[in-house]
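The values are calculated or read from the model by the stated rules, or taken from the named source; none is laboratory data. Everything quoted here is computed from the prediction, not taken from an experiment. Note: ideal-geometry Cβ built from the backbone for every residue, glycine included; neighbour counts use all protein chains shown.
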Amino acid sequence: MLQELVSDAEDRMKKSLANLRLELSKLRTGRASTALLDHIRVDYYGVSTPLNQVSTVTVSDPRTISISPWEKSMIPVIEKAIMESDLGLNPMSASETIRVPIPSLTEERRREISKLARSEGENCKVAIRNIRRACNSDLKDWLKEKEITEDDDRLGQTQVQTLTDRFTTAVDEIVADKEKEIMTV
C-alpha cells in the first residue's frame, strides 16, 4: 500500500518533468528546431491538423527550418498558420518547399525567454509539491483510519520528500541547461 503510493507519486512526478521538457522545447533559442513548430495546426480540408501530419518538417541548417507539404495546395495555408502563431517567424515559399528562417535573438528577448523558462520550471515545481501534498494527505487519512502505523506514516513521508527533493533538483538542472542554451549566442 505504501509502496504503491510512492511509486504512483514517482510516476506522476516523472510526467510533470516530461511536460516541463515539452514546454521548454517550444521556447525559441535562436537555433532551428522542429519542436518549435510542433504546436502549429493547419486547416486540412476543414479539420485542424498538426503541421507534421500534412508535411515533412526538417532542419536544413542551424538557422533554417524546411517544410515540404505533401500537397502543393497546402503551402499558403501552412504559411498563414506560421505567421499567425506567436513565434514571430516569417516563412518564405520556394516552389514546393517553405523555408522558415530563425532570426537571431536580441539580448533583451533572450532575457525574456529565460524568464519564461524559469516560470515553466516553477510551475513544474508547484505540480511536484502538489503531488507531495496529496500523498501526505493520503498518509494522514490512512493513519487516522488506522490502516497504517505511525512508523509507516513517517517512512512514507520521508520517501515522498526524498522523491520531491530529487525531482525539484532535476527541474533546476533542466531549467539551468535551457537558460544556458537560450543565452548562448
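For segment 2-54, the tally of residues that are among the β-branched types (Val, Ile, Thr) and either in the same structural domain as Gly121 (by TED's automatic domain parsing) or under 18 Å from the mean Cα position of the chain (by Cα) (or both) stands at 4. As a summary of the residue check, Gly30 satisfies the conditions (1) outside any strand (DSSP E or B); (2) crowded, with 19+ Cβ neighbours inside 10 Å; (3) at pLDDT 85 or above except for the one numbered (3). The residues of segment 144-175 that are surrounded by fewer than 17 Cβ atoms within 10 Å (Cβ to Cβ) and in contact with a Gly (Cβ under 9 Å, 6 or more places away or on another chain) amount to a single one, Asp172. May I ask you to verify whether Asp38 is farther than 24 Å from Asn19 by Cβ and either charged (D, E, K, R) or surrounded by 15 or more Cβ atoms within 10 Å (Cβ to Cβ) (or both)? It is false that Asp38 is farther than 24 Å from Asn19 by Cβ and either charged (D, E, K, R) or surrounded by 15 or more Cβ atoms within 10 Å (Cβ to Cβ) (or both). Being at pLDDT 90 or above and either under 19 Å from the mean Cα position of the chain (by Cα) or closer than 30 Å to Arg28 by Cα (or both) is true of Ile131.
Anything in segment 82-120 that is more than 19 Å from Ser66 (Cβ to Cβ), in a helix (DSSP H, G or I) and of a type outside the set (Asp, Glu)? List them, or say none. Listed by number, the residues that qualify are Arg109, Arg110, Arg111, Ile113, Ser114, Lys115, Leu116, Ala117, Arg118, Ser119.
Please verify whether Ile82 is surrounded by 13 or more Cβ atoms within 10 Å (Cβ to Cβ), outside the structural domain of Leu22 (by TED's automatic domain parsing) and over 22 Å from the mean Cα position of the chain (by Cα), treating the condition exactly as stated. If you could, list the steps in order and put the result at the bottom.
Values: surrounded by 13 or more Cβ atoms within 10 Å (Cβ to Cβ): yes; outside the structural domain of Leu22 (by TED's automatic domain parsing): yes; over 22 Å from the mean Cα position of the chain (by Cα): no.
Judged against the criteria, Ile82 is not a match.
Flag set for Ile128, criterion: part of a helix (DSSP H, G or I), closer than 30 Å to Gly156 by Cα and not polar (S, T, N, Q).
This table checks each residue for (1) in contact with a strand residue (DSSP E or B) (Cβ under 9 Å, 6 or more places away or on another chain); (2) of a type in the set (Asp, Glu).
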site	(1), (2)
Leu2	no, no
His39	yes, no
Asp43	yes, yes
Ser60	yes, no
Ala81	yes, no
Asp86	no, yes
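Which of the following residues is modelled with pLDDT of 85 or more, closer than 30 Å to Cys135 by Cβ and not aliphatic (A, V, I, L, M): Ser7, Ser25, Ser55, Ser66? Let's see the steps before the verdict.
Values: Ser25 fails: modelled with pLDDT of 85 or more; Ser55 fails: closer than 30 Å to Cys135 by Cβ; Ser66 fails: closer than 30 Å to Cys135 by Cβ.
Testing whether each residue is modelled with pLDDT of 85 or more, closer than 30 Å to Cys135 by Cβ and not aliphatic (A, V, I, L, M) leaves just Ser7.
With in contact with a Phe, Trp or Tyr (Cβ under 7 Å, 6 or more places away or on another chain), under 20 Å from Leu20 (Cβ atoms), assigned by TED's automatic domain parsing to the domain that holds Ser7 and in contact (Cβ under 8 Å) with a residue 12 or more places away in the chain as the only criterion, which of Ile174, Ile128 stands out?
On the way: Ile174 fails: in contact with a Phe, Trp or Tyr (Cβ under 7 Å, 6 or more places away or on another chain).
Of the residues listed, the single one that is in contact with a Phe, Trp or Tyr (Cβ under 7 Å, 6 or more places away or on another chain), under 20 Å from Leu20 (Cβ atoms), assigned by TED's automatic domain parsing to the domain that holds Ser7 and in contact (Cβ under 8 Å) with a residue 12 or more places away in the chain is Ile128.
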